[in-house]
Amino acid sequence: MSIRVHQLAKELNIPSAELLAKLRALKVDVKSHMSVLNDEVARLIKEELTAKIRKAAAPPKSKEAVRAKRGKEAPAATAVLDKETKAAEPAIKGRKKIQIKFPFNLKELAVRLSIKPSELIQNLISEGIFVNINQLISQETVKRIGDQLGYNIERLPTEEEKVLEIHSQPSAIAKLQPRPPIVTLMGHVDHGKTSLLDAIRKSNIVDRETGGITQHIGAYEIKFQDKWVTFLDTPGHEAFTAMRARGANITDIVVLVVAADDGIMPQTIEAVDHAAAAKVPIVVAMNKIDKPQANIDKVKRQLKELNLIPEDWGGKTIAVGVSAKTGKGIDELLEMILLESEMLELKADPTGPVRGVVLESRISKGGPRASLLIQSGTLKMGDVILAGEFWGKVKAMFNYRGKQITKAEPATPVEVLGLLGAPEAGEKFYAVGSESTAKEIAEKRQLSLKEKGLQPPRKASLEDLHQKITQGEQELRIVLKADVQGSLGAVKSVLAKIPSQEIKLTILHEGIGDVTESDVMLASASDAVVFGFHVGIDSRAAARAKVEGIDVRIYRIIYEIYEEIKKALEGMLEPKLQEVFLGRAEVRQVFKVSKAGMIGGSFVVKGKIVRNAPCRVLRANEVVHKGRISSLKRFKDDVREVEEGFECGIGIDNFSGIQAGDLIEVYEIEEIARKL
Ligand code: GDP
């Protein structure tokens, strides 16, 4: 368990800034109020500060003094910025070193530490941890036990880490071969993306003689002038950015489709910004030139305004007039795509480890089918692959014409049979050396997905800005929406007042109107925050922001934006917190467990009781203690939560005064986005 500085400050009822100052005086290495303190440190600090608040004066004690007072070893880490289980903690000299590969059960640990399992169980019970011999032990606990028994525990990489390590090695330059470009079409609705994709596909069918029928597998390949090009066949910036938000940057070239009779429209601008945020080059297809109203010059003028200056006007942007209807200009467009691709010098190693991205997947009668885009290596029949939380052995592979193939090289889309489930689009897939390894990793991923539930990933947020800066981040990316053009300008001029030596502000996309799902996805894909001025947020966008963990801030007063960014730069922006009731239990009987302290044999009367959650103890309607659920048991087993209508044993940290009849109320603290 860990706690952020601002949460601890709230518990101690002092401002975060004051706690930060105190922590620094105690030489605890904290960067901001968002820094995470591990449990041990938090407990020491709490003791230290409550004692000090009582004494009211006394000079700050050093960290060592705090430790000495407790007669314990150094806490695992003073302040950890991510997981407490980081491997890179300093080893203590002169101790026996053992290497452990997690996960690890109690029996194995006992063997490695050369003590009897029963002794280890006793030891853990005395700490309030109830585990049986086959139960897995957390890294934190293993480390602590190791410390107590005089071992330096070194964590060996997991199977998953080993696989990812293999795939993160760069390929030898000598093995790199040119590969086909991967192209996505984008543009305003009805400007002809689908028609153009169809026209390109039909005019360049590769294997006419096999008579296959086009299958929708998320992408198709064409051969033009003896060179291959792969087109993703879900056009539009929404799909493009959704993929990026999942971590899959697969597009090499964006073809921006602009209807020459209509010109640049709002979604054209969005598409340009989405492509620019992904740093993907754009080739413009000015479509519908067969129409009498088509006005190429007007489109070029508008492109110039978007900083896409056409080549024949002295710029760098390739813009080709085409007609999806008559087929005019399509060959020239393909030539330009190949030219752009040559300049990008796209290469991959067809002999190296196989990996790529899931384009889409579905469950069919014959089992799960996944469309994969190979990015490196050559996928073959019989290969064992891991995709998200699923694994499988490639039983059959098909190309986009439904033709069975036996191998697929980089930039090839294939539909694969053999996975044991349907992974999500945008998931990365890897070939893995053995079935047992793939299975082990997939099962662990499934387990951790279950444990994590629907917790959103933490993306960029203003609150974390200070911490990020101290870690070397120098840019704050922003998606900006406002009610009218005038306000957009006003907000931008206020943002320009932020000194650039403090932070570089990059506006990825600006637009008029409410915050949309597309804005949120762009922020998610580019690790950006969303600022809205005098606008709303539609319900889909709000829901999406929650799932993606995006910081959306809506302002009514222009100067507030400036103030908040300034505060965030100083690490002084406090998140708004709210308490959410989780459950209530009634204590029916009290037991004493050696060292673990008093355990309340309780009955959950409402909601649920959750281990490690903050709680308060009520007696005759008065709060007699505030703390945390430090242990939670159903019979002999340690559990994470107990539902309404069940009995359980509850231990509360640092509280031995529990009595029968007490009510234990459990809640969680939720950070709420400000002004949303
Ligand atoms: P999307 O929404 O961008 O995918 O656009 P569609 O491909 O669905 O095309 C929208 C409409 O424009 C359809 O009615 C097409 O037939 C028409 N269209 C597309 N390309 C052309 C073209 O080159 N010339 C003409 N005249 N019509 C086109």
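The values are calculated or read from the model by the stated rules, or taken from the named source; none is laboratory data. Treat the numbers as computed from the prediction; the structure is a model and nothing was measured. Cβ: placed from backbone, ideal geometry, glycine included. Neighbour counts: every protein chain shown. Quick note on the areas: whole protein, heavy atoms, side chains included, nothing else; ligands and nucleic acids left out. Shrake-Rupley method; radii C 1.70, N 1.55, O 1.52, S 1.80 Å.
Here SER371 meets each of (1) over 25 Å from LEU164 (Cα atoms); (2) modelled with pLDDT of 95 or more with one exception, condition (1). Taking the criterion of being touching a helix residue (DSSP H, G or I) at 6+ places or on another chain (Cβ under 9 Å), within 16 Å of ARG553 (Cα to Cα) and at pLDDT 85 or above, the residues of the range 464-493 that qualify are LEU476, ARG477, ILE478, VAL479, LEU480, LYS481, ALA482, SER487, VAL491.
If you check PHE591, PHE655 for being part of a loop (DSSP other than H, G, I, E, B) and either of a type in the set (Phe, Trp, Tyr) or within 30 Å of ILE554 (Cα to Cα) (or both), only one passes: PHE655. Of all residues in the range 415-427, those being surrounded by 19 or more Cβ atoms within 10 Å (Cβ to Cβ) and part of a strand (DSSP E or B) number 4. When the range 118-134 is examined, which residues are found to be in contact (Cβ under 8 Å) with a residue 12 or more places away in the chain and either over 22 Å from ILE599 (Cα atoms) or among the acidic types (Asp, Glu) (or both)? Residues satisfying the conditions are GLU127, ILE133, ASN134.
For the range 471-487, name all the residues that are farther than 27 Å from VAL547 by Cα and in contact (Cβ under 8 Å) with a residue 24 or more places away in the chain. Those that are farther than 27 Å from VAL547 by Cα and in contact (Cβ under 8 Å) with a residue 24 or more places away in the chain: VAL484, GLN485, SER487. Take the range 267-283 and flag every residue that is of a type outside the set (D, E, K, R) and more than 14 Å from the ligand (Cβ to nearest atom). Hits for the range 267-283 are ILE269, VAL272, HIS274, ALA275, ALA276, ALA277, ALA278, VAL280, PRO281, ILE282, VAL283. For the range 528-567, a residue qualifies if it is assigned to a helix (DSSP H, G or I), open to solvent by less than 10 Å² (accessible area, probe 1.4 Å) and either farther than 15 Å from LYS459 by Cβ or of a type in the set (D, E, K, R) (or both), and the qualifying residues are GLU548, ILE561, ILE565. Do we have any residue at all in the range 126-136 that's more than 26 Å from GLU221 (Cα to Cα) and assigned to a helix (DSSP H, G or I)? The answer is yes; a qualifying residue exists.
Could we say that VAL189 is among the aliphatic types (A, V, I, L, M), in contact (Cβ under 8 Å) with a residue 40 or more places away in the chain and crowded, with 22+ Cβ neighbours inside 10 Å here? No: the conditions fail for VAL189. Scan the range 195-249 for residues that are outside any loop (DSSP other than H, G, I, E, B), at pLDDT below 85 and away from the ligand (no atom under 16 Å from the Cβ) and the total you get is 3. When the residues of the range 338-373 are filtered to those that are β-branched (Val, Ile, Thr) and more than 23 Å from the chain's Cα centre (by Cα), the one that is most open to solvent (accessible area, probe 1.4 Å) is ILE363. Among the residues of the range 658-676, those identified as assigned to a loop (DSSP other than H, G, I, E, B) and modelled with pLDDT of 90 or more are ILE658, GLN659, ALA660, GLY661, ASP662. Given the condition aliphatic (A, V, I, L, M) and more than 23 Å from GLY377 (Cα to Cα), answer yes or no: does some residue in the range 208-217 qualify? Yes, the range 208-217 contains a residue that is aliphatic (A, V, I, L, M) and more than 23 Å from GLY377 (Cα to Cα). Among the residues of the range 300-354, those that are within 16 Å of the ligand (Cβ to nearest atom) and in contact (Cβ under 8 Å) with a residue 40 or more places away in the chain comprise GLY321, VAL322, ALA324, LYS325, GLY327, GLY329, ILE330, ASP331, LEU333, LEU334.
Of the residues making up the range 170-182, at least one is free of Cβ contacts under 8 Å to residues at least 24 places away in the same chain, part of a loop (DSSP other than H, G, I, E, B) and away from the ligand (no atom under 13 Å from the Cβ). Please work out if ALA294 is of a type in the set (Gly, Ala, Ser), out of contact with any helix residue (DSSP H, G or I) (no Cβ under 7 Å at 6 or more places or on another chain), closer than 21 Å to LEU333 by Cβ and away from the ligand (no atom under 13 Å from the Cβ). The answer is no for ALA294.
A single member of LEU462, LEU447 is among the hydrophobic types (A, V, I, L, M, F, W, C) and open to solvent by 10 Å² or more (accessible area, probe 1.4 Å), and it is LEU447. Pairs are defined by a Cβ separation below 6 Å, a sequence spacing of at least 6 or placement on different chains, a first member in the range 261-272 that is closer than 16 Å to THR516 by Cα, and a second member that is assigned to a loop (DSSP other than H, G, I, E, B) and open to solvent by 10 Å² or more (accessible area, probe 1.4 Å); the pairs so defined are GLN267/HIS188; THR268/HIS188.
Of LYS636, LYS626, LYS592, all but one fail to be open to solvent by 80 Å² or more (accessible area, probe 1.4 Å), modelled with pLDDT under 90 and in contact with a Cys (Cβ under 8 Å, 6 or more places away or on another chain); the exception is LYS626. Taking the criterion of being buried (at least 19 other Cβ atoms within 10 Å of the Cβ), at pLDDT 90 or above and closer than 15 Å to GLU389 by Cβ, the residues of the range 429-441 that qualify are PHE429, TYR430, VAL432, ALA438.
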